[in-house]
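K.L.:
Sending over a structure as structure tokens; questions will come in a sec.
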Amino acid sequence: MSAKNDANASTTVSVTAAATASATNTGEAGGATSAAPEAPAPYQPLATETEENIQHSLFGEILDWMLAPLLLLWPLSIAITYLVAKTIANQPFDRALEDSLSVLTQQVREVDGKILTQLPGSARDMLRADDVDTIYFQVIGPHGEYVDGDRDLPAPTGDEEKAPMGAVMYRNDSMHGADVRIAYSYVDLRKSRAERDASKEQHLALVQVGETLDKRAQLANDIIKGVILPQFIILPIALALVWFALSRGLMPLADLQQRIRARRPDDLSPIEPGQVPEEISPLVRSLNDMLERLSQSIEMQKRFIADAAHQMKTPLAGMRMQTELALRQTDQDEIHRSLEQLSKSSESATHLVNQLLTLARAENQTPASKPFEPLELSALARDIVHDWVQASFARRIDLGFEAAPEPVELFGNPVMLRELLSNLIDNALRYTPAQGSVTVRVRSDGDGEYAILEVEDTGPGIPPSERHHVFERFYRILGSNVSGSGLGLSIVREIAQQHAALVDIFTNPRSHEQKFPGCLFRVSFRRAPRAGTAASGVYEE
């Protein structure tokens, strides 16, 4: 607070959690913190203990996802190649069967009502001349009577499609325990077109030529060997090329690892994104962001340690001086006064250490480390005010409490909120003169969206120009003669950040004295917690 007068001050300063955090790093924190409470998220394990302890290899993952489909597709490729090879092998032999069938059908005649095959012996020998496969043929009359050829060659069944006259059909069958390929056709025995038109009944003879499948299987095997055998040579070469390509592709990761490992422990400078592949750039940018945050955190800690050491020098030096003075004194009254000063210095040092510990605890507090819980703000504030009644009596200050007419519930950490309100009350009692008043108030805003916690006093107030700085660590307003460490409002800011709350500073509207315009601290919590509701920026009224 300030010893300066500000009768017409009506300025409100609000600083969000993000703004105050940034101001702390630069030494110019804003006058208030804003954000909204966030509901505690239940803990959900991401993986089992076994899975967390397994270290996966990126190289192995990529290799597995490349080789596994390849090894699955290779047998499928062999099966498809075999089917295609059989189809290719069937085509030339089917054409040869068709030629033999065509020659045979031309030799079938009907003479005097009797069906004959005018096939000389040499032609029969040529038809059956095959060193590998066995050739069969058969001629069946219109009424199913045997005419010529092999009697046991199976005829088409009723389920098979009947070939149109003159068309050649193919089917697979078996004979003498061996698979055969059969080409068959129906021959019209009527000589002239007039005879065919005059008779409505069909006068067709069945002609079949079949052969075993040895040459076909041999040709299909030759085709498969010609396709598959080169794959056994190409596949290892392809695997070696994939291995080499992956090794080359992952070399930038190894180079990045070496560059990071070669850094000094205190080197937190960003990694140059242009020196890594495009796919790794997002990872490098995220790493640079983390390094920047870590650098800011370390710098803030160094500054905090330096400030704390500087602040501790005064009470420690005073304690040492008073101790040495008491040792040199022989007058009991002087010794008593030195011991009193020693006690005050000890109390000041203890208060400073306690506030440093509280600030450190508030800065490291997270919802995961100590989850928020539902609480009633009026009941919590009433208990805290009760704890400060004796201190207000000692300072002859009227400490009052105004509860909300209805329950005001929110999610929060009761221990941290107790620290927040205690520091606001302690700050108000320190700066409020005797016979003054401090009032703690709990209420809801007009829409019921926010829970409001207010602490107002009748002290000297805070000038608008100082409201951006009072939340800085160890900051004391020039001319202030009130004892303190300058950490109370910093603790308030940190706890407000943890609860995503908004802190505003006003001139006390109920104080009408020009010398003591008073001050009003207002902390606003969202009653209905929602993720991502924290605001950012600095607001002034």
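K.L.:
Kindly indicate whether any position in segment 235-246 is in contact with a Ser or Thr (Cβ under 9 Å, 6 or more places away or on another chain) and not assigned by TED's automatic domain parsing to the domain that holds residue 97. Break it down into steps so the answer makes sense when it comes.
P.N.:
Of all residues in segment 235-246, those in contact with a Ser or Thr (Cβ under 9 Å, 6 or more places away or on another chain) come to none.
Looking for residues that are in contact with a Ser or Thr (Cβ under 9 Å, 6 or more places away or on another chain) and not assigned by TED's automatic domain parsing to the domain that holds residue 97, one finds none in segment 235-246, hence no.
K.L.:
Okay, next question. Within segment 512-525, can you find the residues that are assigned to a loop (DSSP other than H, G, I, E, B) and either crowded, with 21+ Cβ neighbours inside 10 Å or aromatic (Phe, Trp, Tyr) (or both)?
P.N.:
Within segment 512-525, 516, 517, 518 qualify.
K.L.:
Which one is farthest from residue 379 (Cα to Cα), of the residues in segment 432-451 that are among the charged types (D, E, K, R) and assigned to a loop (DSSP other than H, G, I, E, B)? Even if it seems obvious, please write down each step before you answer.
P.N.:
Filtering segment 432-451 for residues among the charged types (D, E, K, R) gives 441, 443, 445, 447, 449.
Within this subset, residues satisfying the condition of being assigned to a loop (DSSP other than H, G, I, E, B) are 445, 447, 449.
Numbers: 445: 18, 447: 21, 449: 19 Å.
Looking at residues that are among the charged types (D, E, K, R) and assigned to a loop (DSSP other than H, G, I, E, B), I get 447.
K.L.:
Which of (1) modelled with pLDDT under 90; (2) surrounded by fewer than 19 Cβ atoms within 10 Å (Cβ to Cβ); (3) of a type in the set (A, V, I, L, M, F, W, C) is the odd one out, the single condition residue 389 does not satisfy?
P.N.:
Evaluating residue 389 over (1) modelled with pLDDT under 90; (2) surrounded by fewer than 19 Cβ atoms within 10 Å (Cβ to Cβ); (3) of a type in the set (A, V, I, L, M, F, W, C) leaves (1) as the failure.
K.L.:
Now a separate question. Please count how many residues of segment 235-257 are out of contact with any Phe, Trp or Tyr (no Cβ under 8 Å at 6 or more places or on another chain) and either surrounded by 11 or more Cβ atoms within 10 Å (Cβ to Cβ) or modelled with pLDDT of 85 or more (or both). Give the steps one after another, and end with the answer.
P.N.:
Here is the first cut: in segment 235-257, the residues out of contact with any Phe, Trp or Tyr (no Cβ under 8 Å at 6 or more places or on another chain) are 236-245, 248-249, 251-257.
Pick out the ones that are also either surrounded by 11 or more Cβ atoms within 10 Å (Cβ to Cβ) or modelled with pLDDT of 85 or more (or both) and you get 237-245, 249, 251-253, 255-256.
So the count comes out to 15.
K.L.:
Only residues that are in a helix (DSSP H, G or I), more than 48 Å from the chain's Cα centre (by Cα) and not acidic (Asp, Glu): list them for segment 206-260, please. Reasoning before the result, please.
P.N.:
Initial filter on segment 206-260 (in a helix (DSSP H, G or I)): 214-249, 251-260.
In the following step, the residues that additionally are more than 48 Å from the chain's Cα centre (by Cα) were identified as 214-223, 225-226.
Matches in segment 206-260: 215, 216, 217, 218, 219, 220, 221, 223, 225, 226.
K.L.:
Looking only at residues in segment 126-147 that are modelled with pLDDT of 80 or more and within 30 Å of residue 219 (Cβ to Cβ), which one is surrounded by the fewest Cβ atoms within 10 Å (Cβ to Cβ)?
P.N.:
It comes out as 132.
The values are calculated or read from the model by the stated rules, or taken from the named source; none is laboratory data. Just so you know, these numbers come straight off a predicted model, no measurement behind them. Every residue, glycine as well, gets a Cβ built from its backbone with ideal geometry; the counts of neighbours run over all protein chains shown.
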